[in-house]
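Student: Encoded as structure tokens, here's the structure I'll be asking about.
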Amino acid sequence: MQTMKFRRFFAGVLLLLFTLAAGAQAPDTLRILSIGNSFSVDAVEQNLYEIAADAGAVYIIGNMYIGGCSLERHAYNAESGAAAYSYRKVGADGVRTVRDHTALPYALADEKWDVISFQQSSPLSGNPYSYEPWLTRLIACVKARVPSASRYLFHQTWAYAKDALNPNFPNYGCDQAVMYASIMEASRWAAESHALEIVPCGTAIQNYRATWYRDNATRDGYHLNLVGRYTAAATWYCVLSGKDVRGNAYRPEHLTEGQVKAAQAAAAAAAESPYEVTDFGMRTNDVNYEEALIPAYRLPEMLRCADGTKVQGKARWEEKRRAELYALFEREMFGRAPAAPPSLHTELLESATGVLGGLADRRQVRIHFAKNRYMDLLIYTPAGAEKPVPAFLGINFYGNHSITDDEGVLMTEQDALQRRYGVYPGLDRNKGESRAARGAQASRWPLELILSAGYGVVTFYRGDVDPDFDDGFRNGVHGVYYREGQHYPKPDEWGAIAAWAWGLSRALDYLEKDPSVDASRVAVLGHSRLGKTALWAGASDARFALVISNDSGCCGAALSRRGIGETVEIINRSFPHWFCANFKKYGGNEDKMPFDQHELLALVAPRPLYIASASADQWADPKGEFLAAVEASKVWQLYGYRGLKGVKMPEAGGAVSAGRIAYHLREGKHDITAFDWQHYIDFADNFLK
Ligand code: GTR
């Protein structure tokens with residue numbers, strides 16, 4: 001506070017000296033008196049002086065303050081001269097003073113005011129019947145005493161935050177839109193009927209709220225926070241100066257460039273259109289790809305338990321904190337899946353040796369969940385392997401037959417649902433094609449590379465467990481586990497991703513019995529939505545010896561609070577079936593998430609974890625994935641492993657590895673390629689061989 005004062009003081013003195021030294025005229029000085037309440041404290045007492053100073057003007061700002069003061073009370077005070085105000089002033093030098101027990105006539109005579117403003121108290125601001133006769137009487141009193149003033153303003157105040165707990169909010173049905181519309185009507189009427197210039201702070205704040213920063217302009221639901229105050233001051237500046245505030249170089253402390261940009265645009269747009277919200281880009285639905293526009297965020301503390309105690313060693317992590325975090329992700333994001341069934345009926349559908357040109361042996365196994373509900377596993381192991389081999393287990397997008405040209409792979413049958421949605425690449429319905437072509441996704445499964453490195457490959461089709469569309473959880477495995485009378489998962493029960501992850505565990509159950517694969521050396525991996533799935537499977541089932549997430553992005557490895565590329569809101573809207581119902585409340589509300597994705601990664605510790613991104617896949621926020629891996633490293637450190645702390649993000653094409661955590665940034669688009677696989681194989685060689 002002290003330093004702020006000094007800084008302001010010096011800025012003022014410097015400005016004066018500069019103008020005098022330049023032999024120029026004294027800078028434009030404007031004297032502004034606001035007759036208000038705490039809402040004028042928010043709007044004029046900070047930032048306004050500095051914004052003007054940056055533009056070469058000196059504003060002397062007075063604010064006659066009584067908490068919650070209405071026009072009625074101001075009118076009585078003006079007429080009676082009651083010494084009821086706190087008279088607060090920012091002088092020409094930027095220094096702030098406060099004089100309590102001050103009467104309006106005193107303040108009116110204190111400076112040769114150029115501008116005087118009036119406002120209604122917020123509970124009444126949208127009620128036009130509350131304005132008169134008080135506004136008329138107040139204006140008359142003021143005008144009689146201040147002949148110097150040439151401009152009279154009406155300070156339009158703002159609606160409360162949507163979730164405000166203000167006792168006056170019921171005046172507006174506790175509805176921000178209603179309150180905003182009411183203020184618009186009343187303030188327009190007040191301004192027009194008294195020929196007052198409008199200072200459209202209410203609209204500026206509403207403009208700001210319409211950006212991807214959302215309803216984050218107040219500190220308690222009605223008083224403005226730092227960015228709200230800056231927005232209001234910027235609006236005042238636009239009106240007072242008639243100039244555009246965009247590009248003004250003054251920066252309040254603690255605001256990001258993005259917030260400043262949104263606030264300036266919100267103010268400038270309000271000055272243009274004072275009574276309606278303007279779309280100037282930066283809408284909640286717009287996708288941000290600019291690092292500079294990321295909101296300021298603070299990650300939740302990973303190593304502090306809910307009871308406030310710090311996690312200092314792995315024992316505390318294992319006994320307490322890990323379980324807490326797991327329970328949060330389970331309840332608030334992925335949803336609780338049923339426990340492992342005691343046994344599932346499995347059926348060997350087919351087996352062959354020396355397939356893929358002699359490279360592999362093949363087995364196809366059906367795992368039955370219920371009558372007519374099953375998933376088909378495709379298992380390749382290196383031909384003639386004498387011992388159970390380590391393997392990569394991952395779900396495929398379009399059916400087992402899509403991962404290879406091998407004619408022996410059974411065509412996935414349960415794809416009718418998926419087909420309806422036409423999501424197969426290259427599918428031509430006109431030619432009567434009903435499913436992905438054999439080998440359509442072969443580039444994502446470089447079998448030769450994997451098998452010749454000594455690994456098996458195990459895969460199944462996502463739609464076998466749960467079709468990937470919002471079917472009300474009617475067509476997948478969910479229905480098998482509904483209790484009597486249940487038709488839909490509860491808010492904390494499994495979505496599609498948790499179901500797929502559950503399927504991965506069931507595949508592992510089977511592998512524990514399969515002689516060809518060593519179930520204790522299985523790496524679970526997935527690309528994109530299936531990379532999110534691999535992370536949750538790895539977090540949920542400690543039998544997975546290694547976890548690989550390829551381009552998993554939003555709600556996978558990328559930090560949600562960065563809000564860059566795909567966001568929680570977008571993902572919930574596009575894929576409402578992926579996460580549990582509890583997760584919906586975090587769309588546009590990332591700050592309220594009790595976790596962020598680095599903590600999901602940490603749930604894999606101390607097992608090895610590989611995170612990979614692609615340079616052209618900004619939708620998945622490569623940097624956010626890397627930062628999450630760096631943050632998560634703290635848990636590997638508890639186990640004495642190095643982790644990625646202090647490691648620089650690699651350039652496109654580069655990889656970094658710190659023992660048990662590795663990351664690479666492939667050059668190119670959203671995909672999983674032989675380049676990725678080669679890195680996974682090299683990494684797995686350290687642990688699974
Ligand atoms: C996108 C989705 C991403 C990612 C991707 C995929 O449409 O927005 O989160 O999962 O699909 O799975 O390929």
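Student: Would you pick out the residues in region 460-497 that are basic (Lys, Arg), under 23 Å from residue 367 (Cα atoms) and surrounded by fewer than 22 Cβ atoms within 10 Å (Cβ to Cβ)?
Tutor: First pass over region 460-497, keeping only residues basic (Lys, Arg): 462, 474, 483, 490.
Among the residues that remain, those that are also under 23 Å from residue 367 (Cα atoms) are: 462, 474, 483.
Correct list: 474, 483.
Student: Still on this structure, please answer the following. Within 14 Å of the ligand (Cβ to nearest atom) and either open to solvent by less than 40 Å² (accessible area, probe 1.4 Å) or closer than 25 Å to residue 522 by Cβ (or both): does that describe residue 596?
Tutor: No, not satisfied.
Student: I've got another one for you. Which one is surrounded by the fewest Cβ atoms within 10 Å (Cβ to Cβ), of the residues in region 549-563 that are more than 13 Å from the ligand (Cβ to nearest atom) and at pLDDT 95 or above?
Tutor: Filtering region 549-563 for residues that are more than 13 Å from the ligand (Cβ to nearest atom) and at pLDDT 95 or above, the one surrounded by the fewest Cβ atoms within 10 Å (Cβ to Cβ) comes out as 561.
Student: State all residues of region 526-548 that are away from the ligand (no atom under 11 Å from the Cβ) and assigned to a strand (DSSP E or B); if no residue qualifies, say none.
Tutor: Those that are away from the ligand (no atom under 11 Å from the Cβ) and assigned to a strand (DSSP E or B): 546, 547, 548.
Student: Out of all the residues in region 323-341, is one or more acidic (Asp, Glu) and within 21 Å of the chain's Cα centre (by Cα)?
Tutor: Yes: region 323-341 contains one or more residues that are acidic (Asp, Glu) and within 21 Å of the chain's Cα centre (by Cα).
Student: Restricting to region 575-599, name every residue that is assigned to a helix (DSSP H, G or I) and either among the small types (Gly, Ala, Ser) or over 18 Å from residue 213 (Cα atoms) (or both).
Tutor: Scanning region 575-599 gives 581, 582, 583, 597, 598, 599.
Student: Test residue 582 against the stated conditions and say whether it is more than 21 Å from residue 450 (Cα to Cα), in contact with a Pro (Cβ under 6 Å, 6 or more places away or on another chain), open to solvent by 10 Å² or more (accessible area, probe 1.4 Å) and not acidic (Asp, Glu). Steps first, answer last, please.
Tutor: Working: more than 21 Å from residue 450 (Cα to Cα): yes; in contact with a Pro (Cβ under 6 Å, 6 or more places away or on another chain): yes; open to solvent by 10 Å² or more (accessible area, probe 1.4 Å): yes; not acidic (Asp, Glu): yes.
So residue 582 fits the description; yes.
Student: Now, a different point. Taking residue 290 and the conditions (1) surrounded by fewer than 16 Cβ atoms within 10 Å (Cβ to Cβ); (2) without any contact (Cβ under 8 Å) to a residue 40 or more places away in the chain, which numbered condition does it fall short on, given that it satisfies the others?
Tutor: (2)
Student: Can you find a residue in region 628-648 that is under 30 Å from residue 162 (Cβ atoms), hydrophobic (A, V, I, L, M, F, W, C), more than 16 Å from the ligand (Cβ to nearest atom) and open to solvent by less than 20 Å² (accessible area, probe 1.4 Å)?
Tutor: No: region 628-648 contains no residue that is under 30 Å from residue 162 (Cβ atoms), hydrophobic (A, V, I, L, M, F, W, C), more than 16 Å from the ligand (Cβ to nearest atom) and open to solvent by less than 20 Å² (accessible area, probe 1.4 Å).
Student: State whether the residues of region 183-199 include one that is open to solvent by 10 Å² or more (accessible area, probe 1.4 Å), part of a strand (DSSP E or B) and not basic (Lys, Arg). Even if it seems obvious, please write down each step before you answer.
Tutor: To start, the set of residues in region 183-199 that are open to solvent by 10 Å² or more (accessible area, probe 1.4 Å) comprises 184-185, 188-189, 192-198.
So of that shortlist, the ones also part of a strand (DSSP E or B) come out as 197-198.
Those still in the list that are not basic (Lys, Arg) too: 197-198.
Yes, some residue in region 183-199 is open to solvent by 10 Å² or more (accessible area, probe 1.4 Å), part of a strand (DSSP E or B) and not basic (Lys, Arg).
Student: Still on this model: With 244, 307 as the choices, which residue is more than 24 Å from the chain's Cα centre (by Cα), assigned by TED's automatic domain parsing to the domain that holds residue 602 and open to solvent by 30 Å² or more (accessible area, probe 1.4 Å)?
Tutor: After applying the criteria, what remains is 307.
Student: Only one of these is at positive phi, of a type in the set (Gly, Ala, Ser), in the same structural domain as residue 245 (by TED's automatic domain parsing) and more than 39 Å from the chain's Cα centre (by Cα): 81, 94, 56, 68. Name it. It would help to see each step written out before you state the result.
Tutor: Working: 94 fails: more than 39 Å from the chain's Cα centre (by Cα); 56 fails: more than 39 Å from the chain's Cα centre (by Cα); 68 fails: more than 39 Å from the chain's Cα centre (by Cα).
Just a single option satisfies the conditions, and that option is 81.
Student: For region 380-391, enumerate the residues that are hydrophobic (A, V, I, L, M, F, W, C) and crowded, with 24+ Cβ neighbours inside 10 Å. Steps first, answer last, please.
Tutor: Taking region 380-391 as the starting set, the residues that turn out to be hydrophobic (A, V, I, L, M, F, W, C) are 383, 385, 389, 391.
Residue satisfying the conditions is 391 alone.
Student: Residue by residue through region 564-583, note down the ones that are touching a Ser or Thr at 6+ places or on another chain (Cβ under 8 Å), within 11 Å of the ligand (Cβ to nearest atom) and not polar (S, T, N, Q).
Tutor: To start, the set of residues in region 564-583 that are touching a Ser or Thr at 6+ places or on another chain (Cβ under 8 Å) comprises 567-569.
Next, from what is left, pick out any that are within 11 Å of the ligand (Cβ to nearest atom): 567-568.
Within region 564-583, 568 is the sole residue that qualifies.
Student: Please count how many residues of region 34-84 are open to solvent by 10 Å² or more (accessible area, probe 1.4 Å), assigned to a helix (DSSP H, G or I), within 18 Å of residue 156 (Cα to Cα) and among the polar types (S, T, N, Q).
Tutor: The qualifying residues number 1.
Student: Kindly evaluate residue 612 against the criterion of being within 16 Å of the ligand (Cβ to nearest atom), closer than 26 Å to residue 568 by Cα and within 23 Å of the chain's Cα centre (by Cα). Give the steps one after another, and end with the answer.
Tutor: On the way: within 16 Å of the ligand (Cβ to nearest atom): yes; closer than 26 Å to residue 568 by Cα: yes; within 23 Å of the chain's Cα centre (by Cα): yes.
Yes.
Student: Would you be able to say whether some residue in region 555-573 is in a strand (DSSP E or B) and touching a Leu at 6+ places or on another chain (Cβ under 6 Å)?
Tutor: No, region 555-573 contains no residue that is in a strand (DSSP E or B) and touching a Leu at 6+ places or on another chain (Cβ under 6 Å).
Student: Name the single residue that is surrounded by the fewest Cβ atoms within 10 Å (Cβ to Cβ) among those in region 91-116 being in a loop (DSSP other than H, G, I, E, B) and touching a strand residue (DSSP E or B) at 6+ places or on another chain (Cβ under 8 Å).
Tutor: Among them, the one singled out is 112.
Student: Look at residue 520 and say whether it is in a strand (DSSP E or B), away from the ligand (no atom under 16 Å from the Cβ) and of a type in the set (S, T, N, Q).
Tutor: So residue 520 fits the description; yes.
Student: Let me ask another. Go through (1) crowded, with 24+ Cβ neighbours inside 10 Å; (2) touching a Phe, Trp or Tyr at 6+ places or on another chain (Cβ under 8 Å) and name the single condition residue 534 misses.
Tutor: The number of the failed condition is (2).
Student: Let me ask something else about it. I want to confirm something. Restricting to region 292-318 and keeping residues that are modelled with pLDDT of 95 or more and assigned to a helix (DSSP H, G or I), which single residue is nearest to residue 636 (Cα to Cα)?
Tutor: Step by step, filter region 292-318, then rank; the result is 314.
The values are calculated or read from the model by the stated rules, or taken from the named source; none is laboratory data. Note that the structure is predicted; figures quoted are calculated from it, not measured. When we count neighbours, we look across all protein chains shown, and the Cβ atoms used for this are built from the backbone with ideal geometry, even at glycine. All accessible areas refer to the heavy atoms of the entire protein, side chains included, with ligands and DNA or RNA removed. Shrake-Rupley method; radii C 1.70, N 1.55, O 1.52, S 1.80 Å.
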